[in-house]
Amino acid sequence: EADRVDAPTPAHASTPTEDVRPCILLLGDSLTEMGCHIGAGKVGRSVYTQQKWEKNPMDVEYGPGWSALIARDYAIARRADVFNRGFSGYNSRYVVDDLRKGLLSLPPPESMLAVVLMLGTNDQSDQQMGQGVPLAEYRANMRAIVEMLRSAAPKAKVIMMAPPPCDAKVFDRLMGIPGCRDQSRVLAYVEVVRSLAAELGCTCVDLNACMLEAEKNDWSERFLWDGIHFSATGNKFVYDAVSKALDDAGLAPSALSWHRPHFLARTWPTKFTHDGALIG
């Protein structure tokens, strides 16, 4: 079967107009999925989740998460929808396979303004948890993901996020799986993202280098709660980095038009613009 992304549902299958709200796709692993956190501590969790993970630190939220903040920015004045397609535990192999089969429930390609792609944290792990993906395959997978997304949504800006740093000692202590993660391995996957982004003409945000530069000595304690996943401070850092990348691509919320007119424009169309500014 030819490579493809999810086909739009009939309700969305229309020619792009101001009636179709544009969207931004966030595609990745748990670093994206957990970006939905809305607060700190045990907030907003179902009873089932609290019972199931009562003794697991993942029951605690480390937010507000970066994707939640991005979604908020674009929801205000209804500029764009933000789709979080983070799949905890996934690597590039799983994502490219599901993308080819149309299983990721993606938004309508014609409405995509940008894709923020962040994979590699699981790819660089060893085989103790079965997630590791060899470097050459990782490169091929990431290339295929970008090419499929561009084929479906040629106008979308692609922002490739290099994997953040990893504190193996902290992760090993919490998870009890010694040696499954290593910062030296992460750096090899970071270089793949950097070189591939340059080759394909994508924006690259090197979270690894940025975080290490921002906090040379305390990066793990400040940005990561378990050696891998973002703390509240880490989420804010990623939010700032993604926001800047979107701004630089000309996709800041303020650069986008309102989806559907401001109520003042509906009430007095000759006196107010689409976005609610007074005419004249």
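Each reported figure results from applying straightforward, stated rules to the coordinates on display, with no laboratory input. None of the values given here were measured: they were computed from a predicted structure. Every residue, glycine as well, gets a Cβ built from its backbone with ideal geometry; the counts of neighbours run over all protein chains shown.
Numerical summary
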item	result
Likely footprinting exposure, Thr32, Thr203, Thr270, fewest C-beta neighbours within 10 Å first	Thr270, Thr203, Thr32
Sequence-distant residues sharing a close amide H with Leu224 (under 5 Å, placed H)	Ser231
Expected 222 nm ellipticity per residue - DSSP helices of 4 or more, -39500 (n - 2.57), all of the chain, to 500	-11500 deg cm²/dmol
Stretch in the chain that is longest and holds no GluC sites (Glu not before Pro) that DSSP places in a loop and that have at most 14 other beta carbons within 10 Å	55-280
Inter-centroid distance (Cα atoms) of the range 59-91 relative to the range 204-279, Å	11
Degrees separating the helix 135-152 axis from the principal Cα axis of the chain, which is the longest one	10
Calculated FRET value between Asp182 and Ser105, using beta carbons and R₀ = 35 Å, to 0.05	0.60
Cβ-Cβ FRET estimate between Lys271 and Ile38, R0 fixed at 45 Å, reported to 0.05	0.75
Förster-model FRET efficiency, 22 Å R0, Asp97 and Arg143, C-beta, rounded to 0.05	0.90
Rg(Cα)/(2.2 N^0.38 Å) for the range 118-200, N = residue count	1.20
Value of relative contact order over the range 158-238, rounded to a whole percent, pairs C-alpha under 8 Å and six or more apart	38
Cleavage-rule hits (trypsin sites (Lys or Arg not before Pro)) in the range 88-189: DSSP loop, at most 15 neighbouring Cβ within 10 angstrom	Lys155
The chain pair-distance distribution - Cα-Cα, 5 Å bins, rounded %	1, 6, 11, 16, 17, 16, 13, 9, 5, 3, 2, 1, 0, 0
Vicinal HN-Hα couplings computed from phi for the range 104-120 (Karplus, 6.51 cos²θ - 1.76 cosθ + 1.60; Hz; Gly/Pro x)	9, 6, 7, x, x, x, 5, 9, 6, 8, 7, 10, 9, 10, 9, 9, x
Summed side-chain charge close to Pro64 - residues other than Pro64 whose Cβ falls under 10 Å, Lys, Arg +1, Asp, Glu -1	+1
Residue order, fewest to most beta carbons within 10 Å, for Trp268, Trp225, Trp66	Trp268, Trp225, Trp66
Neighbour-count ranking [beta-carbon atoms within 10 angstrom, fewest first] of Lys271, Lys236, Lys216	Lys216, Lys271, Lys236
Nearest-ten-degree value, helix 66-75 long axis tilted from longest Cα axis of the chain	0
Pairwise Lys count, the chain - Cα closer than 16 Å, eight or more residues apart or different chains	4
Relative contact order (%) - the chain, alpha-carbon pairs under 8 angstrom, separation at least six	21
